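**Q** Got a structure here, written out as structure tokens. Questions coming.
The values are calculated or read from the model by the stated rules, or taken from the named source; none is laboratory data. Computed from a predicted structure; not experimentally measured. Cβ atoms come from the backbone with ideal geometry, glycine included; neighbour counts cover every protein chain shown. Side chains are part of the model used for accessible areas, which takes the heavy atoms of the whole protein and leaves out ligands, DNA and RNA. Shrake-Rupley method; radii C 1.70, N 1.55, O 1.52, S 1.80 Å.
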Amino acid sequence: HIAVDVAAGVQATMYMVLGTKGSFAVETAFKLHDAASLRLVQVLGAHSGALLYAKTDADCAPGAGVDMTQILMGQGDLYSDNDSRYSAQIGYLGRGSQTIDVNVVVNHYGKNTACEIDTSGALKDAAKKVFRGTIDFKTGSSNSVGNEKETVLMLGDDVVNKTVPLILCAEENVVGNHGATIGELDDETLFYFES
């Protein structure tokens, strides 16, 4: 368990590189006070046959926010679980029989809040990926906007791609968007790219 407190008005940057050859779980909790901002860069990697679970929570005061870049690497199974108000850019390459499981939950509590979730990656061999993206507009979050975008390139016949978008609205006058682009490469196109 890691706890990080960002004082009011502070602009902080944090880099986290997490890797394992076995099974490893880490939970990071951020508390951002008034007008604080956090730029978080996470690199998650697991060796073949290993499992890495990373959970990130952020509690943001008025005017505070998190901008997160997350890169999922390695050949082991990766599970990412996030809960905060933020902008997230997530990238991955799934290969072999690797499982990648990403769960992003953004809770909007205040008025005029915004979130951007952008997930992009490629799957090859018999890799499996599940992306769960939830934008939850709570009561009191009027005039808020949530956008979620996913791009997946499938490079094999045995890959499994699952996308589960969820936009919840307990408030009127909010905007929630989900967009997905899923592409497959046939042998002829793959040969062209490799050439």
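**Q** Would you mind checking which residues have amide H under 5 Å from S48's amide H? H placed 1.01 Å from N; only 5 or more apart, or other chain.
**A** Q75, G76
**Q** What base-10 log of the normalised intensity I(q)/I(0) is obtained for the range 51-191 from the Debye formula, alpha carbons as equal point scatterers, at q = 0.09, 0.12, 0.17 Å⁻¹?
**A** Computed log10 I(q)/I(0) values: -0.30, -0.50, -0.88.
**Q** Can you give me the long-range amide H partners of A88? Hydrogens built in the peptide plane at 1.01 Å from N, cutoff under 5 Å, separation of 5 or more residues or another chain.
**A** M68, E116, I117, D118
**Q** Add +1 for every Lys or Arg and -1 for every Asp or Glu among the other residues with Cβ under 13 Å from the Cβ of V164, and state the total. The partial results should precede the final answer.
**A** Numbers: positive: K129, R132, K162; negative: D101, E148, E150.
Net charge in that neighbourhood comes out at 0.
**Q** For H33, what is the net charge nearby, where nearby means another residue's Cβ is under 10 Å from its Cβ and Lys, Arg count +1, Asp, Glu -1?
**A** Taking every Cβ under 10 Å from that of H33, the sum is -2.
**Q** What is the Cα centroid distance between the range 25-66 and the range 105-158, reported in whole angstrom?
**A** Using only Cα atoms to place each centre, the spacing works out to 16 Å.
**Q** In terms of Cα to Cα distance under 20 Å, which lysines are near enough to K149, apart from those fewer than 8 places away along the same chain?
**A** Output for K149: K128, K129, K162.
**Q** Among D34, D57, what's the order by accessible area (1.4 angstrom probe), most exposed first?
**A** Working: D34 85, D57 35 Å².
Order by accessible area, largest first: D34, D57.
**Q** Quick one: which residues, 5 or more positions from L168 or on another chain, have an amide H under 5 Å from its amide H? H modelled 1.01 Å from N in the peptide plane, none for Pro or chain starts.
**A** Sorted by chain and number, the residues that satisfy this are I135, D136, F137.
**Q** Below 11 angstrom from the Cβ of G179, what's the summed charge of the other residues (Lys, Arg +1; Asp, Glu -1)? If you can, show how the numbers build up before the last one.
**A** Working: positive: K149; negative: D118, E148, E150.
Taking every other residue near G179 into account, the sum is -2.
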